[in-house]
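Here's the structure we're looking at; comments come further down.
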Amino acid sequence: MKVLWLTSWYPNKFNPFDGDFIQRHAKAVSAYSAITVIHVVQYGPGIEVLRKKVEIKESENLKEYIIYFPFKRTGIPLLDKIIYNGKYYLTYSRFIRNYFKEAGLPDLVHVHVPMKSGVIAKWIKRKWRIPYIISEHSSAYYTLIPDNYFNRSTYYRHTVRGIFKHAAKVTTVSKVLGKRLQEIFTLSSCSVIHNVVDKNIFFPGINKSPVFRFFHASTMDHPKNVEGILNVLARLKTQRGNWECMLAGWETPQLRQMAASLGLNEMIKWTGVLSHEQVAKEMQYAHALVLFSRYENFPCVIVEALCCGLPVIATNVGGIPEAVDESNGLLIPSENEAALLEAMIQMIDNYNSFNRLEIAKKAGNKYNCSVIGKQFYNLYRQLLTQTIPSAF
């Protein structure tokens with residue numbers, strides 16, 4: 001079985017963490033089927049490329065093509081948008097044609113995040129009659145999110161709707177997002193295949209910090225509400241001692257200044273951006289994970305923490321309740337700082353009520369590479385044994 005992955009997000013030299021969870025899915029599935037990933041990099045502000053470049057990474061059963069195409073802004077927004085989109089799709093379609101000539105046609109196309117790679121998948125289906133499935137990872141289908149699907153242009157909404165319409169199957173990493181997509185796009189069904197965790201990296205540690213250690217890892221932008229965590233830590237300082245908090249990610253000078261003004265410099269440590277291996281080591285040495293997100297889909301950091309045996313304090317948003325329950329953590333309302341403070345105190349005072357080894361065992365059995373990879377592989381087999389009529 002040959003499956004071609006077209007990804008709208010994927011790690012690249014400009015953003016090595018962009019869609020890294022998709023790459024982890026690819027590695028998991030490659031244990032069961034030959035996977036080729038083609039990703040044409042989308043450029044953000046300030047990023048320009050003057051010459052085309054193709055990076056090729058190859059391991060057993062997995063081949064990744066990362067393509068950078070020439071693009072230099074004119075300074076005229078509308079013209080830049082037209083030129084950019086034209087170059088993007090031309091680069092993608094030309095590469096696909098050449099790839100098919102050299103490697104032959106795939107049995108199935110798997111799109112990760114419909115816009116923009118889903119446009120290419122529709123073109124492939126129309127031209128070569130190859131079916132495609134979609135895995136949606138974005139939580140931008142809720143109106144509370146600033147840059148949500150409903151705020152986008154008519155062209156964008158129409159294009160995304162068409163991509164979903166012609167898909168043979170849709171998957172998401174959370175039940176709640178799957179239900180939302182079914183409502184918006186009138187989908188008959190939506191399969192849930194969760195994010196994957198590498199158990200060779202994320203597993204329980206032997207030693208713990210001598211003081212109670214909370215751990216937080218995120219992009220530290222608005223959705224993650226790190227400001228709220230800092231406010232609560234300042235209040236926790238007045239009620240409990242002998243604790244510390246490690247904060248990993250893209251911290252800003254404003255966050256550091258806020259922590260200092262709250263008198264937290266001796267209680268917290270900013271680690272900066274960490275590799276997956278470094279995150280695992282921090283988790284193994286910590287006692288509990290804290291995630292105070294305003295909204296989420298199904299965050300990898302939670303299931304990674306659970307595989308390390310950490311109980312989790314998190315907000316009751318998105319797909320988080322699908323992973324966190326009373327046996328492995330505490331759920332609280334979004335933006336409720338009083339509830340977060342109460343949960344952190346409860347975690348310190350009743351930590352021994354959580355069975356860390358049992359938490360790790362249950363999570364590892366559910367989110368490991370073998371289980372998740374096999375779920376995708378079984379979905380592929382199911383689709384390819386069916387007769388899928390053309391919608392064009």
Residue 322 vs (1) touching a residue at least 12 places away in the same chain (Cβ under 8 Å); (2) crowded, with 19+ Cβ neighbours inside 10 Å: all pass except (2)
Subset of the range 289-343, residues out of contact with any strand residue (DSSP E or B) (no Cβ under 6 Å at 6 or more places or on another chain) and within 22 Å of residue 207 (Cβ to Cβ), comes to 306, 308, 309, 328
Note to self: Given the condition assigned to a loop (DSSP other than H, G, I, E, B), closer than 29 Å to residue 262 by Cβ and touching a Phe, Trp or Tyr at 6+ places or on another chain (Cβ under 8 Å), answer yes or no: does some residue in the range 191-210 qualify?
What the structure shows: yes
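When you check residue 308 against the structure, is it within 25 Å of residue 351 (Cα to Cα), touching a residue at least 40 places away in the same chain (Cβ under 8 Å) and surrounded by fewer than 24 Cβ atoms within 10 Å (Cβ to Cβ), yes or no?
no
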Residues of the range 164-191 being touching a strand residue (DSSP E or B) at 6+ places or on another chain (Cβ under 7 Å) and closer than 19 Å to residue 108 by Cβ, in sequence order, are 164, 167, 168, 169, 170, 171, 172, 187, 190, 191
The residue that is surrounded by the fewest Cβ atoms within 10 Å (Cβ to Cβ), considering only those in the range 156-203 that are touching a residue at least 60 places away in the same chain (Cβ under 8 Å) and of a type in the set (D, E, K, R), is 165
By residue number, the members of the range 213-255 that are assigned to a strand (DSSP E or B) and either more than 18 Å from the chain's Cα centre (by Cα) or of a type in the set (D, E, K, R) (or both) are 213, 214, 215, 243, 244, 245, 246, 247
Looking across the range 35-57 at residues that are at pLDDT 95 or above and not β-branched (Val, Ile, Thr), the single one that is nearest to residue 22 (Cα to Cα) is 39
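Would you pick out the residues in the range 361-381 that are β-branched (Val, Ile, Thr) and farther than 9 Å from residue 29 by Cβ?
Selection gives 371 alone.
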Filtering the range 333-370 down to residues that are among the β-branched types (Val, Ile, Thr) and either surrounded by fewer than 22 Cβ atoms within 10 Å (Cβ to Cβ) or farther than 30 Å from residue 138 by Cβ (or both) yields 345, 348
When restricted to 267, 220, the only residue touching a helix residue (DSSP H, G or I) at 6+ places or on another chain (Cβ under 8 Å), without any contact (Cβ under 8 Å) to a residue 40 or more places away in the chain and at positive phi is 220
Wholly inside the range 292-392, helices (runs of 4 or more DSSP H) that include 1 or more residues that are more than 22 Å from the chain's Cα centre (by Cα) are 337-349, 356-367, 369-384
Within the range 88-116, residues open to solvent by 20 Å² or more (accessible area, probe 1.4 Å), within 21 Å of residue 136 (Cβ to Cβ) and touching a Ser or Thr at 6+ places or on another chain (Cβ under 8 Å) come out as 115, 116
Checklist line | residue 136 surrounded by 21 or more Cβ atoms within 10 Å (Cβ to Cβ) and of a type in the set (Asp, Glu) | finding: yes
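The values are calculated or read from the model by the stated rules, or taken from the named source; none is laboratory data. In this text, all values refer to a predicted model and were calculated from it rather than measured experimentally. Cβ sites come from the backbone with ideal geometry, for glycine too, and all protein chains shown count toward neighbours. Accessible surface areas use protein heavy atoms only, side chains included; no ligands, DNA or RNA. Shrake-Rupley method; radii C 1.70, N 1.55, O 1.52, S 1.80 Å.
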